[in-house]
1. Pull up segment B:240-268, narrow it to residues that are buried (at least 24 other Cβ atoms within 10 Å of the Cβ) and not aliphatic (A, V, I, L, M), then point me to the one that is farthest from residue B:88 (Cα to Cα).
2. Out of segment C:364-412, which residues are within 27 Å of residue B:175 (Cα to Cα), of a type in the set (Gly, Ala, Ser) and either out of contact with any Lys or Arg (no Cβ under 7 Å at 6 or more places or on another chain) or buried (at least 22 other Cβ atoms within 10 Å of the Cβ) (or both)?
3. Out of curiosity, is residue B:68 crowded, with 20+ Cβ neighbours inside 10 Å, under 27 Å from residue C:425 (Cα atoms) and of a type in the set (A, V, I, L, M, F, W, C)?
4. I'd like to check something: does segment C:491-510 contain any residue that is touching a Gly at 6+ places or on another chain (Cβ under 7 Å) and either within 29 Å of residue C:410 (Cβ to Cβ) or part of a loop (DSSP other than H, G, I, E, B) (or both)?
5. Output the residues belonging to segment B:165-201 that are polar (S, T, N, Q), free of Cβ contacts under 8 Å to residues at least 12 places away in the same chain and away from every other protein chain (no Cβ under 13 Å).
6. Can you say whether residue A:244 is at pLDDT 85 or above and out of contact with any Pro (no Cβ under 8 Å at 6 or more places or on another chain), as far as the supplied structure shows?
7. Take residue A:255 and decide whether it is under 21 Å from residue A:115 (Cβ atoms), touching a Phe, Trp or Tyr at 6+ places or on another chain (Cβ under 8 Å), in a helix (DSSP H, G or I) and touching a residue at least 24 places away in the same chain (Cβ under 8 Å).
8. It is to be established whether one or more residues within segment B:234-242 are without any contact (Cβ under 8 Å) to a residue 40 or more places away in the chain and within 9 Å of another protein chain (Cβ to nearest Cβ).
Amino acid sequence: MREYVVRRLLLIPLIIIGVSFLTFMTFRVIPGDTTVFICGLGCTDEVIHDLRAELGLDRPVFVQYWDWLKGVPQGDLGRSFQTKLPVTKELQTRFPVTLELLILAVIFSLVLGIPPGILSAVRPGTAVDFVVRVVSVFWLSIPSFYIAILMITFGASWFSWSPPNFATGEVASVFHNPLKNLEELVPPAIVLGVGIAAVIMRLTRSSMLEVMRNDYIRTAYSKGLKERAVVWRHALKNAMIPVATIIGLQVGGLIGGSVLVESVFGLNGMGNYLVVAIGTRDLQVVQALVLIFATAFVLINLIVDLAYAWLDPRIHYA
Amino acid sequence: MAREAAIPLSTQEVLKARKPLWSRLLKLARHHPLGTAGIMIIIVLIICALFAEYVAPYDPQGIDPHALRQAPSLSHPFGTDRLGRDVLSRTIFGARISMFIGVVAVIVGTLVGSFFGLVSGYFGKWIDSIIQRAIDMLLAFPALVLLLAILSVIGSSDSAPRKFLAEHTPIPDGTFLGIPVFLQIFVMSLGIGVAIAVGTARVVRGAVLSLKENVYIEAARAMGASDGRIIMKHILPNVMALVAALATIFLPIAILAEAAISFLGLGVPNPVPSWGSDMTGQNQSDAVTRNIWWVVFFPGAALSLTVLAFNMIGDSLRDISDPRLRGGRGGGGGPNTGSGF
Amino acid sequence: MEDTNYWRRNNRRISRRSLLGGAATLGLGGAAAMIVGCGGSSNDTNSSTGPTGTRAPVGSPKAGGSVTQGRPLTVLGIDPHQDLTGLDIDQLIYPYLYSWNPVQNVAYFNNLAESIEQPDPDLTQFIFHIRKGVKNAPFNFAGAGEEMTSEDVKASFVRRGTSISAPDKRFPRLISKDPTMLAAAFQTPDPYTFSFKMATTFVPALREMANPTWAMVSKKVLEALGNRSLTQVGYGAGPYMVDQFNGNQRISLKKNPNYFIPGQPLLDEIDIVVITENSSLLSAFKQGQHDICGAVLKKDEFDDFSANSDYICSSAPSLFYPCVHMKMVPPFDDIRVREALDISIDRDEVIAVIDGGDGKYNGPIQWPQLEWALPQDELKAFYKYDPEKAKQLLTQAGYDGGFKTKMKLPKITGVSQIADEAALLKSQWAKVGIQVDLEEVELGTFIGSVLLPGNFQMTFFPNLPYDEPDRPLSFYSSLGVTGAGNWNNYTNPDFDLLYNKQAQTVDKTERQSIILEAQRLIIKEHAPQLTITGGNAYSAHWNYVHLPYELGQDPGTKINPYGCDEWTEKA
């Protein structure tokens, strides 16, 4: 086990370096000259030449990559072409927003997904089961951004509710003003969590069904244990193993979903920033964000793998 | 996109019964009403996509200055938008764009992905290592982020690949097959296709690896069959079913992906009708601030219905393959697992 | 972009009101400004029409408090000489020589210069007398708290005059043909006198120097900066100083305690919040989180606000004018084709659909510039919608039944007008058989790969709005607005002659007649920049905020520099 963890950890810098190389090369080589995006209409060949020299774009691309890579461990991801601020500074306020949004979304998806899933598995074939199944298929099929739009549109006309609009340009800090923070982040987190909740609901149900069919459950029942005890003490833990995995697998989807949901709700998080940066062709920022998302994703997948082993002692990684 | 495909299932078991085809189908439909409904929806969708000109009551880009922002009525069942364009017609034409992008992306993605998967799995060694490490890298990106990265690089009209296509291939720049700005939309589908290819390659490689262990492959090799012959005769036919299953899983994901990036304003451009881009920008603003809900409600409903139909079909297929677990067995959950849209 | 200009103009004349108007128009203007890359100073509102909204209740101005306003466009930078998207903010941070009243078309000397002398009858020489006691804010940089002198003005003129990102380089070139010799062309006989002489008369010069890009920055600041720019920092002697700057989220300004006018500015703080989603901006304003509405308002939204006495609303004709550009290549080098395109545009329908029913025809100079634009009656007669004649013209030109072409347009997030108007034009042209494919291109790509290299057959984008007639006409001249050629490849020597002549004609009546003649010349040619219509810009703010004048009002010539007289009843 330890060996496996060490090997996985060693692999991570390699993957990250590969990813950074891939992003760097793609963004530098393919889309043409970024300088024209910077200098606007005043631009002549001369200006472009000077600007390229100033930005160091006239050097060989591998030298540029090495320079950029050297900065990454020191937290230097380059500067935005647009605002000329260091990307890391731009991320200071945005990173916590996305992080909190994702955490809240996972919490909501568990709360909304697991209990109905268990209920439906314990009472298969009943009306409860049917409702849960239908609801989960619907939730699964409605894209998160559509739910968000409907929430805002009909929220406004039916309940005079509108999402907090971040009129100050930022999300309230969870430490200084937790209530306001929740008011701002809960609606997008619910929207984001619903789709995942449907997946979790279905998986919980099928995994519970499978577990409940096991001999040891029958034994537990025949010992005269109450259903509650059987479900809680014996079935649930084993049924949760695949659920834990699926949550890990959903993180990639969650990150993608956060891009969409942040955009609808106008949240100044990393996802929204990615969209804005692509729209303004601020490739320096896009490159940095893509790297961060990929790194986070790789790390989370590692953690999930490890958690999986911890949850199920039968699994040994060799 | 799905990282690993939960592979459905042959329906052969069920079809074994020796009754006439129609009666077997009928029985199947009776036992799986949801799946049947899903298929009906998809058929309607395909009809809309193919015959939009005849189905749609108005020109989707036709502006009517006398019918701005009208609520749904008999003459405009889905209402009109801020320029008096008929929302129903736009939704119908949106099906064409969605289906086109979905189908092209899936074809390109599964073909390219299968090729790399086959080569990687069959030849192994250093080829396998290179391809697999490349796939590891690509799988390190969350799907939508990967897609956005691809599109931010090739989506712009002066990107190298796009210029190449415009100058060296006969792909038309303007309207073609009833699709405006064809090249741009085609490039988008290629972008989505790349993302699909990554997932496909991994799955196909796995399948090829296990096929390779079969005795009959050994036998063929011993008899002196060439690699080409083994691949064509023995491996490819066995992988085909898997690829077809993957394609059906990826199709709704591709449609969702198109809608999502168009929704973000990075996909299908104005004023081309597309479900995703019709839900964003000024339409979204109109919906929220003026309560013109119909301009976003119907395109979104069409999109959701499409995905729902695919999910219902998927569920039914799972039921058929494993009747013990009605309502969906694990892993996959549905086509948009892991897609995050 | 345009709005920026517009707003800028507003600022000047509207000052704080312009904040509001500026913000409102900013969406459109900003986008336009980016496209054209220029910083005009323009207030787009124009002039002669008064505000239609309710008047602010008059109270006695009270010092203190803060005002928050929304902004739909990201501020990419606040270097007044280099960045074009933060010109409204530059005006709050830096002093200018003087201010411009766009309604009366006069300069007024309420700022760094106390007065101007133009001894030559041809108005080529400018002598400015600099005010004593204008001191830099107590910022944390070289030159803090020091007095501005003629040397600082000179350094600023040199920096602005040689800025590579300035779109309009014509004026500094008249001072010195060789940009490297520009510094030698300015005289500073004493610390409070600054003068220079142009090679030839250039009437728009006076307007130009009041443009927000001509901010005065202390020489010490510029020397200490070296090669760096002011894009993320503000070291000025204007009424406010930068407290916090994050161009895509929030810009906070606080009062400059060293400001040269005692007791000014009235506000302690101005917060500018960037929200790029129009509906969010609108709801932030409605919920009272923003005191001044930053959303781009449409006519019906404006009417809603006007009906509520909690708000003070105003409107003014907008100088924002997207127009159809064509390259002078077949089929567009045939005047019959251009005429067919021009008269198959149903401008009344454009006004109904795009301008909310509230707009007018635009000639080469936008209608709000009443003194310079062609009369509406003449334009209406000239641009009469005539699809039948258009079809005949096409047939005569050898395009029986029309032709196919592609029109590129910039994609500007949050501003739907350009795309909507293009869609409408497409449908109108389809009626005479001209099939136009629209292609939206991201703004950056649009500038870099479409506009600059002239890589288009047809394109639809807003020229930079400006309230001086010289600028809109320059787009048709052989040298274009940048001085490097126009992007249509259009050349008309007769027009160039008139165009150059108007810039050198001091007498206003005479200049007017030249400008009208020049416009008639190019519209008859259906020169390849077809202007369409212009609507109104709308603004709204809560009634506890008081601006020295509302959008569209004449600010007079007595008010303090932009940003000073604004006050709020809220503590």
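1. B:250
2. Let us first name the residues in segment C:364-412 that are within 27 Å of residue B:175 (Cα to Cα), namely C:387-388, C:390-412.
With of a type in the set (Gly, Ala, Ser) added as a condition, the list becomes C:390, C:397-398, C:401-402.
Once the filter is applied, which keeps residues that are within 27 Å of residue B:175 (Cα to Cα), of a type in the set (Gly, Ala, Ser) and either out of contact with any Lys or Arg (no Cβ under 7 Å at 6 or more places or on another chain) or buried (at least 22 other Cβ atoms within 10 Å of the Cβ) (or both), segment C:364-412 yields C:390, C:398, C:401, C:402.
3. On the way: crowded, with 20+ Cβ neighbours inside 10 Å: no; under 27 Å from residue C:425 (Cα atoms): yes; of a type in the set (A, V, I, L, M, F, W, C): yes.
In short, no.
4. Start the filter on segment C:491-510 by keeping residues that are touching a Gly at 6+ places or on another chain (Cβ under 7 Å), which leaves none.
No: zero hits.
5. Keep residues of segment B:165-201 that are polar (S, T, N, Q), which gives B:169, B:175, B:184, B:189, B:200.
The next check asks that each one be free of Cβ contacts under 8 Å to residues at least 12 places away in the same chain; those that pass are B:169, B:175.
B:169 - this is the single residue of segment B:165-201 that is polar (S, T, N, Q), free of Cβ contacts under 8 Å to residues at least 12 places away in the same chain and away from every other protein chain (no Cβ under 13 Å).
6. no
7. Details: under 21 Å from residue A:115 (Cβ atoms): no; touching a Phe, Trp or Tyr at 6+ places or on another chain (Cβ under 8 Å): yes; in a helix (DSSP H, G or I): yes; touching a residue at least 24 places away in the same chain (Cβ under 8 Å): yes.
When the stated conditions are applied, residue A:255 does not pass them.
8. Filtering segment B:234-242 for residues without any contact (Cβ under 8 Å) to a residue 40 or more places away in the chain gives B:234, B:237-238, B:240.
Okay, now just the ones that are also within 9 Å of another protein chain (Cβ to nearest Cβ), so none.
Checked segment B:234-242: no residue is without any contact (Cβ under 8 Å) to a residue 40 or more places away in the chain and within 9 Å of another protein chain (Cβ to nearest Cβ).
The values are calculated or read from the model by the stated rules, or taken from the named source; none is laboratory data. As the structure is a prediction and not an experimental result, all values here were calculated from the model. Because the Cβ atoms are built from the backbone with ideal geometry, glycine has one as well, and the counts that use them run over all protein chains shown.
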